[in-house]
Protein chains: 2
Amino acid sequence: MKRTLILAAALLMGAAASAQQALGPASGITSPEINPDHTVTFRYRGPKAVTVQLQGDFLPGRVDMKEGRDGMWTYTTEPLTGELYSYSFIVDGVRTMDPNNIYQNRDIATWTNIFTLSAEKGDKGWYYEVHDVPHGTVSHVWYDSPTLGMKRRLSVYTPAGYEDSPKAKYPVLYLLHGSGGDEDAWLDLGRTAQIMDNLIAEGKAQPMLVVMPNGVYFNSASPGAAVNMFQPTMANSRSDSTAEIEESFPDVMKFIEKHYRVKKDGYSRAVAGLSMGGRQSSRLARRYPGTFGYVGQFSGVAVPSGDNDPELAALFAAKPKLFWIGVGKDDGVKRNSLILKDYCDQHGYPCEYYESDGGHIWRNWRIYLTIFAQKLFK
Amino acid sequence: MKRTLILAAALLMGAAASAQQALGPASGITSPEINPDHTVTFRYRGPKAVTVQLQGDFLPGRVDMKEGRDGMWTYTTEPLTGELYSYSFIVDGVRTMDPNNIYQNRDIATWTNIFTLSAEKGDKGWYYEVHDVPHGTVSHVWYDSPTLGMKRRLSVYTPAGYEDSPKAKYPVLYLLHGSGGDEDAWLDLGRTAQIMDNLIAEGKAQPMLVVMPNGVYFNSASPGAAVNMFQPTMANSRSDSTAEIEESFPDVMKFIEKHYRVKKDGYSRAVAGLSMGGRQSSRLARRYPGTFGYVGQFSGVAVPSGDNDPELAALFAAKPKLFWIGVGKDDGVKRNSLILKDYCDQHGYPCEYYESDGGHIWRNWRIYLTIFAQKLFK
């Protein structure tokens, strides 16, 4: 290997490096630091701060961080179980990102720092982390929706091996986000690629495509991919959006079934979603009986219309293999979920009901996806 | 359309919405606001703040924002030209993200708020924005690198129409990032998909694939896609990384030429990169003469070895159509770029040299890509 030239280039590079646009904090501060006993230490350097607090979904409320030498504020948690956790600092009353942790995700219009922790192989956190297993491909693709009169963007996960198995055909999970979300939400907040990579590598889920369309019918794409730098809000959830998505959903399926090697029978298709997307998956399954052999409703259902809902009757007459309802015990939509579950029981429809702790939060939607994906296409 | 059910679901959803994990600031504050005269107004609500300043790459230094009613701090710029701009607030001395602007990008380990502005169609900012033109697909794919002994991630842009033209074959631009960067950098900071979409739609660039591998040979992928939540640093630029990437680059090309419909002759391949990636593109072109008909070096070159560099002689003996050097007049690597340019002139090699304002910054690399892409495959 000729190293002379390379060494010369490296030495001469010294001058240029100092002109780099953003050198990063280079602070030498590690935050968060996951300790061997699964406690986590947070650090923030703020010599002029009067109070620094920590808030996170692993704490019951805000806690005070303690100032040490050189204005370094620290806090160490109790041992945590495997999970993806979110947190922020509160510096003199103002919510502040951790400048030493680049990992963050955006929910609607709020960025929050995150970290994952796995206490042992196979716990929840383990499924959300990247491991040295075969990885699927994630693509952001534009498709034509004549029904809505626009090109729209969707995300597609194809499992590891898809490219190298040119004759194989795969089943498809259509996975829908909530209001204020977009076609990136299940990937960024939901860890879909990591969950699927890990479940498939462990032999716990079938290799499948996961298709994540944009479920807000008047948006073409997520912020940054759409025309105009719009600020997302919950107003994305208009009362009639469910209907519009029902009507335009065949455009999505048509595109996927034309451009990807997928199986085209109902028992090779699943539809699931969270909150608004749960209602949408519920509505899609009713509107197109037999199209989806597996239906998942995460913290969102469409309640039956009256005592004899003809759409639900048609849906179950087509014999879906799974009709799965997941909801948190503190979730405002638990009541509706139970109405639907009771209706299923009264009519002899085979609905599975799963109740977790907590409320209307991404922590639960990641859990529901992990459970639901293992039940598909077997 | 049956609206009864939908309306019921929407009404019942009210309770659930209040339990959503992150509702966003819902502050009603627009920041930044691009005014019709291309001035830009920034707003920050900080009733307890003593000083709020604004820093941005459209300002010579920090400026004081002015406090109005309800603790609303504002600043309005002079009219700006079309560009992608970066900024931060400084609240009581602490760098703070704009809580009302979700748009940001990460350079190495630093997140910064951004916005784009186009003063007129076809200016720089216009090319960095999303317009209602056909959009290409962006995929994040894992490939096998036997040379480095690992699976590695790369990003691929396929132009609009690729999926619907199953017999068409396309040329390929291999586009390399700088030290501290990764396979997402050219997409996030470089606006590659937007630039290519817009240039192709305007008929100014040929439809082509753009392949963005990870150029740090000991990393498999960008933060979030790699095992472990590592914090990127400039230490990613080890002195020998250029050589390792040279040796392993055929793994990238082999994967692309097997899995994508691409033309396989040298005049249908280009390689370009910024800073470390500029040196890499320079080294790759020398090591594999005839492989790349177009070579672009943005703020980074490999200088000739002695008065008669045999690799440069072999490179130009293979008759590349373009050997393009771009650098900023304030860039530390301008000296090296001129050494290479002078060497070309002395030896009668056809090197194009382009000098822009400014230094070693992404603003320049976006400009160089926009210029370089228009010169390819024609």
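The values are calculated or read from the model by the stated rules, or taken from the named source; none is laboratory data. Computed from a predicted model, the values in this text were never measured in an experiment. Heads up, the Cβs are rebuilt from the backbone with ideal geometry, glycines too, and the neighbour counts pull from every protein chain shown. For the accessible areas, the whole protein counts, side chains as well, though only heavy atoms, and no ligand, DNA or RNA atoms are used. Shrake-Rupley method; radii C 1.70, N 1.55, O 1.52, S 1.80 Å.
Based on what the data block shows, is A:Q374 closer than 18 Å to A:L176 by Cα, touching a residue at least 40 places away in the same chain (Cβ under 8 Å) and open to solvent by 20 Å² or more (accessible area, probe 1.4 Å)?
On the way: closer than 18 Å to A:L176 by Cα: yes; touching a residue at least 40 places away in the same chain (Cβ under 8 Å): yes; open to solvent by 20 Å² or more (accessible area, probe 1.4 Å): yes.
So A:Q374 passes the test.
Any idea how many residues of segment B:65-80 are closer than 21 Å to B:H38 by Cβ, open to solvent by 40 Å² or more (accessible area, probe 1.4 Å) and either part of a loop (DSSP other than H, G, I, E, B) or touching a Gly at 6+ places or on another chain (Cβ under 9 Å) (or both)? Give the steps one after another, and end with the answer.
Kept after step one, since they are closer than 21 Å to B:H38 by Cβ, are these residues of segment B:65-80: B:65-66, B:74-80.
After this cut, where a residue has to be open to solvent by 40 Å² or more (accessible area, probe 1.4 Å) as well, the list is B:66, B:74-76, B:78-79.
Now restrict to residues that are either part of a loop (DSSP other than H, G, I, E, B) or touching a Gly at 6+ places or on another chain (Cβ under 9 Å) (or both): B:74, B:78-79.
Selection size over segment B:65-80: 3.
Among B:G203, B:G224, which is out of contact with any Leu (no Cβ under 9 Å at 6 or more places or on another chain) and closer than 23 Å to B:L376 by Cα? Don't jump to the end; show me each part of the working.
Working: B:G224 fails: closer than 23 Å to B:L376 by Cα.
Sole residue among the options that is out of contact with any Leu (no Cβ under 9 Å at 6 or more places or on another chain) and closer than 23 Å to B:L376 by Cα: B:G203.
Within segment B:120-179, count every residue that is small (G, A, S) and modelled with pLDDT of 95 or more. Let's see the steps before the verdict.
Within segment B:120-179, the first condition is being small (G, A, S), and the residues that meet it are B:122, B:125, B:136, B:139, B:145, B:149, B:155, B:160-161, B:165, B:168, B:178-179.
Pick out the ones that are also modelled with pLDDT of 95 or more and you get B:136, B:139, B:145, B:155, B:160-161, B:168.
Of the residues in that region, 7 qualify.
Does A:Y353 satisfy the criteria of being open to solvent by 40 Å² or more (accessible area, probe 1.4 Å) and either outside any loop (DSSP other than H, G, I, E, B) or of a type in the set (S, T, N, Q) (or both)? Break it down into steps so the answer makes sense when it comes.
Working: open to solvent by 40 Å² or more (accessible area, probe 1.4 Å): yes; either outside any loop (DSSP other than H, G, I, E, B) or of a type in the set (S, T, N, Q) (or both): yes.
Criteria met by A:Y353.
Could you grab the pairs with beta carbons closer than 8 Å, sequence gap of 6+ or different chains, first residue in segment B:248-275 and without any contact (Cβ under 8 Å) to a residue 60 or more places away in the chain, second one among the small types (G, A, S)?
B:D265/B:G293; B:G266/B:G290; B:G266/B:G293; B:G266/B:A318
Among the residues of segment A:306-313, is there at least one that is touching a residue at least 24 places away in the same chain (Cβ under 8 Å), in contact with a helix residue (DSSP H, G or I) (Cβ under 6 Å, 6 or more places away or on another chain) and not acidic (D, E)?
Looking for residues that are touching a residue at least 24 places away in the same chain (Cβ under 8 Å), in contact with a helix residue (DSSP H, G or I) (Cβ under 6 Å, 6 or more places away or on another chain) and not acidic (D, E), one finds none in segment A:306-313, hence no.
Has segment A:324-332 got any residue that is more than 10 Å from every other protein chain (Cβ to nearest Cβ), farther than 17 Å from A:Y368 by Cα and not in a loop (DSSP other than H, G, I, E, B)?
Within segment A:324-332 (the criterion being more than 10 Å from every other protein chain (Cβ to nearest Cβ), farther than 17 Å from A:Y368 by Cα and not in a loop (DSSP other than H, G, I, E, B)), the answer is no, since none of the residues qualifies.
It is to be established whether one or more residues within segment A:64-75 are under 30 Å from A:S179 (Cβ atoms) and either in contact (Cβ under 8 Å) with a residue 24 or more places away in the chain or of a type in the set (G, A, S) (or both).
Kept after step one, since they are under 30 Å from A:S179 (Cβ atoms), are these residues of segment A:64-75: none.
Within segment A:64-75, not a single residue is under 30 Å from A:S179 (Cβ atoms) and either in contact (Cβ under 8 Å) with a residue 24 or more places away in the chain or of a type in the set (G, A, S) (or both).
Name the single residue, out of those in segment B:142-175 being closer than 28 Å to B:A201 by Cβ, among the aromatic types (F, W, Y) and open to solvent by 10 Å² or more (accessible area, probe 1.4 Å), that is farthest from the other protein chains (Cβ to nearest Cβ).
B:Y170
Kindly check whether there is at least one residue in segment B:8-30 that is under 30 Å from B:I367 (Cβ atoms), more than 7 Å from chain A (Cβ to nearest Cβ) and at pLDDT 50 or above. Steps first, please.
Taking segment B:8-30 first, the residues under 30 Å from B:I367 (Cβ atoms) are B:30.
Next, only the ones that are more than 7 Å from chain A (Cβ to nearest Cβ) stay: B:30.
Now drop any that are not at pLDDT 50 or above, which leaves B:30.
Yes: one or more hits.
Could we say that B:V130 is under 16 Å from the mean Cα position of the chain (by Cα), more than 29 Å from A:D132 (Cβ to Cβ) and open to solvent by 10 Å² or more (accessible area, probe 1.4 Å) here? Before the answer, list the steps.
Working: under 16 Å from the mean Cα position of the chain (by Cα): yes; more than 29 Å from A:D132 (Cβ to Cβ): yes; open to solvent by 10 Å² or more (accessible area, probe 1.4 Å): yes.
When the stated conditions are applied, B:V130 passes them.
Inside segment A:176-291, counting only helices (runs of 4 or more DSSP H) that do not spill past its ends, which hold 1 or more residues that are of a type in the set (G, A, S), within 11 Å of chain B (Cβ to nearest Cβ) and surrounded by 18 or more Cβ atoms within 10 Å (Cβ to Cβ)? Quick ask: steps written out before the conclusion?
On the way: elements: A:185-188, A:192-201, A:241-259, A:276-287.
In segment A:176-291, A:192-201, A:241-259, A:276-287 are the helices (runs of 4 or more DSSP H) which contain 1 or more residues that are of a type in the set (G, A, S), within 11 Å of chain B (Cβ to nearest Cβ) and surrounded by 18 or more Cβ atoms within 10 Å (Cβ to Cβ).
Applying the selection to segment A:89-116, what residues are surrounded by fewer than 21 Cβ atoms within 10 Å (Cβ to Cβ), part of a strand (DSSP E or B) and among the aromatic types (F, W, Y)?
Answer for segment A:89-116, where residues must be surrounded by fewer than 21 Cβ atoms within 10 Å (Cβ to Cβ), part of a strand (DSSP E or B) and among the aromatic types (F, W, Y): just A:W111.
Hey, can you tell me all the residues within segment A:87-108 that are in contact with a helix residue (DSSP H, G or I) (Cβ under 9 Å, 6 or more places away or on another chain) and within 8 Å of another protein chain (Cβ to nearest Cβ)? So that I can check it myself, show each step before the final result.
In the first step, residues of segment A:87-108 are kept if they are in contact with a helix residue (DSSP H, G or I) (Cβ under 9 Å, 6 or more places away or on another chain); the result is A:105-108.
A:R106, A:D107, A:I108 - these are the residues of segment A:87-108 that are in contact with a helix residue (DSSP H, G or I) (Cβ under 9 Å, 6 or more places away or on another chain) and within 8 Å of another protein chain (Cβ to nearest Cβ).
Checking B:N364 against (1) closer than 25 Å to B:D197 by Cα; (2) within 20 Å of the chain's Cα centre (by Cα); (3) assigned to a loop (DSSP other than H, G, I, E, B), only one condition comes out false. Which one?
(3)
If I go through segment B:292-315 residue by residue, how many of them are surrounded by fewer than 20 Cβ atoms within 10 Å (Cβ to Cβ) and assigned to a helix (DSSP H, G or I)?
4
Filter segment A:42-64 down to the residues that are part of a strand (DSSP E or B) and under 26 Å from the mean Cα position of the chain (by Cα), then identify the one that is nearest to A:Y127 (Cα to Cα). Please lay out each step first, then the result.
Step one: filter segment A:42-64 for residues part of a strand (DSSP E or B), giving A:42-45, A:52-56, A:63-64.
Subsequent filtering for residues that are under 26 Å from the mean Cα position of the chain (by Cα) retains A:42, A:54-56.
Details: A:F42: 23, A:L54: 26, A:Q55: 24, A:G56: 21 Å.
Looking at residues that are part of a strand (DSSP E or B) and under 26 Å from the mean Cα position of the chain (by Cα), I get A:G56.
Scan (1) charged (D, E, K, R); (2) open to solvent by less than 40 Å² (accessible area, probe 1.4 Å); (3) closer than 30 Å to B:D265 by Cβ for the single condition B:D345 breaks and write down its number.
Only one criterion is unmet by B:D345, namely (2).
So is B:V138 open to solvent by less than 40 Å² (accessible area, probe 1.4 Å), more than 7 Å from chain A (Cβ to nearest Cβ), under 18 Å from B:L369 (Cα atoms) and among the β-branched types (V, I, T) or not?
Taking the combined requirement at face value, the residue does not satisfy it.
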